[in-house]
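Chemist: Following this message is one structure expressed as structure tokens.
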Amino acid sequence: MKQTLTIAVSKGYLLKEALEAFNRLGITFNDDLNTSRKLSTTDTQGLITLLQVRPWDVPVYVEQGAADLGIAGLDVLHEQQPTVLRLMDLKFGQCKLVLAAPSQTAKTPLWPHMVIATKYPSSTQAYFLSKGLKVKLIKLYGSIELAPLTGLADMIVDLTATGKTLQENQLSIVDTLLESSAYLIANPVQFKVKHSLISTWVKHLQSVLV
Amino acid sequence: MTSITPFGVTDFLPEDFKIFNERITLVQQVFEASGYQPIKTPTLEYFNALAVGMGDEFNELAIKFFDADGEALVLRPDHTVPIARLVASRMRNNTKPTKLYYTDSVYRNHKAGIEKDIESLQAGLEFIGESTPEADAQVISLCVEAFLKLGISDIAIDIGHTDFAKDLPQTQVEALLKGDYVSLGYLPQRGKQEVVQDHAYLLSVFEGLKNNGFDRYVWFNRGLVKSLNYYTGLIFEGYSEQYLQVLASGGRYDQLLAKFGYACPAVGFALDLSALGLKKS
């Protein structure tokens, strides 16, 4: 029996880029996940199953072994520190995790007890610990840029690709915490069980992505 | 709700306990057939007495508190360190090799939100007093036998060695420990004896495993490195496809007993019986 692979991919722009990379490997899927509402699809050869999940859930699927492989942003891996193997930097989906502030405060030095709103509490905590600064964290799930405008927080830590959303909300980048891109990750045991299949596959992927 | 237990520990009803007892009996039969004797160390120990052998990882995972005199206590986070303490003190004059086994719980704190047990039941053994490839092959064989006796046959044993990390810069060692092959720069080699042609010791372990045909379960993995500070040579991990997790881990720790004042080589492994859950294999 031929071994199969299950791959969890973040919904959204990572999915689009991942599908393009798969196409370059000659892998095409039965459903177009970009347009269809199905959450999973199998390739025409019946060897690869693609799962479409929330970006924050990709490491969970892989860590628990529900997916053998996953494509997740480094920002998410950095925040969650899941027990998975990081196999490859896919180089697409590039963005930065930044500390940003209203333009007038962006130039002042960081101060103790400032309030930071973020979707990334662990990464933010690690950053301020390394600066030796005690701050107050507020965990938000979206529209982080609103926080300084409404007085909820002094600054934010959030992901930015082009900087456009920050700009439109009168925020400037103070510092960069992390340069992120899409990573191929693997369940540690599945990586052993399907070792030759996965390592061959990684080699192919490397050859089409360089 | 009343009468609940904390997350990470559990009650065993008679039907659950029966399953676990059957497993313990099966593993005991394997160990005793090879001349291993049962041993039991206390659940609670002085933290300072074990700290010398535990290293950073266990110091972090261990559950610690104070007794009435203000002495720091620790719930046994593994069996190897307490057994090393015991053998180095009260059993140092025993005939070598000293072959001991245990079936008891260990207690470890885990990061919040991680679905790992605080208390888990381990069955394992320590082979004390010999540092040879034959001893390592025997211990790996017993690990395989224990799995087979439990009815788990979809297993593989990955073998690593502390030498694999010896010549690497610290950043790459950390990358290996984290499983971060992007920072490492390559996927570590994994295969049969062809990937350890430069390592005479591991080749003789492999030869030893050929004698009972267990070489077919074994893979050498140049990425298998452990953060437990006591390993000094061969390291191994056993896992099963149906459970999708590492169920056994062990290795050689030739310097551990010396930390308790008695230089004596040893090798051993522990099998995580709790990880088998309550489904029958």
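Chemist: Which of the strands (runs of 3 or more DSSP E) contained wholly in the range B:216-281 include at least 1 residues that are within 14 Å of another protein chain (Cβ to nearest Cβ) and closer than 18 Å to B:Val195 by Cβ?
Modeler: B:218-221, B:234-240
Chemist: In the range B:94-148, which residues are assigned to a loop (DSSP other than H, G, I, E, B) and farther than 30 Å from B:Pro6 by Cα?
Modeler: B:Asn94, B:Thr95, B:Lys96, B:Pro97, B:Gly129, B:Glu130, B:Ser131, B:Thr132
Chemist: While we're on this one: Quick check on the range B:192-206: of everything there that is in contact (Cβ under 8 Å) with a residue 12 or more places away in the chain, more than 13 Å from every other protein chain (Cβ to nearest Cβ) and assigned to a helix (DSSP H, G or I), which residue is nearest to A:Leu77 (Cα to Cα)?
Modeler: Per the criteria, the residue is B:Val196.
Chemist: Looking only at residues in the range B:156-172 that are surrounded by 14 or more Cβ atoms within 10 Å (Cβ to Cβ) and assigned to a helix (DSSP H, G or I), which one is nearest to the other protein chains (Cβ to nearest Cβ)?
Modeler: B:Gln172
Chemist: Within the range A:24-38, identify whether any single residue is of a type in the set (Val, Ile, Thr) and touching a residue at least 24 places away in the same chain (Cβ under 8 Å), and answer yes or no.
Modeler: The answer is no, given that none of the residues of the range A:24-38 is of a type in the set (Val, Ile, Thr) and touching a residue at least 24 places away in the same chain (Cβ under 8 Å).
Chemist: Within the range B:173-191, how many residues turn out to be buried (at least 16 other Cβ atoms within 10 Å of the Cβ) and assigned to a helix (DSSP H, G or I)?
Modeler: 8
Chemist: Next up: Within the range B:79-87, is even one residue basic (Lys, Arg) and surrounded by fewer than 23 Cβ atoms within 10 Å (Cβ to Cβ)?
Modeler: No, the conditions are met nowhere in the range B:79-87.
Chemist: Moving to a separate point now. When the range B:27-86 is examined, which residues are found to be touching a Pro at 6+ places or on another chain (Cβ under 7 Å) and charged (D, E, K, R)?
Modeler: Within the range B:27-86, B:Glu45, B:Arg76 qualify.
Chemist: B:Pro42 versus (1) buried (at least 20 other Cβ atoms within 10 Å of the Cβ); (2) not in a strand (DSSP E or B): which is the lone unmet condition?
Modeler: (1)
Chemist: Something else: Please return the ranges of helices (runs of 4 or more DSSP H) entirely within the range A:141-206 where 2 or more residues are more than 21 Å from the chain's Cα centre (by Cα) and within 14 Å of chain B (Cβ to nearest Cβ).
Modeler: The qualifying helices (runs of 4 or more DSSP H) are A:188-193.
Chemist: Failed condition for B:Val205, given (1) more than 22 Å from B:Leu125 (Cα to Cα); (2) touching a Pro at 6+ places or on another chain (Cβ under 7 Å); (3) not basic (Lys, Arg), with all others met?
Modeler: All conditions are met except number (1).
Any read-out appearing in this document is the output of simple, stated calculations on the displayed coordinates, not a laboratory observation. As the structure is a computational prediction, the values presented were derived from the model and not from experiment. Methodologically, a virtual Cβ is constructed for each residue, glycine included, from the backbone with ideal geometry; neighbour enumeration extends over all protein chains shown.
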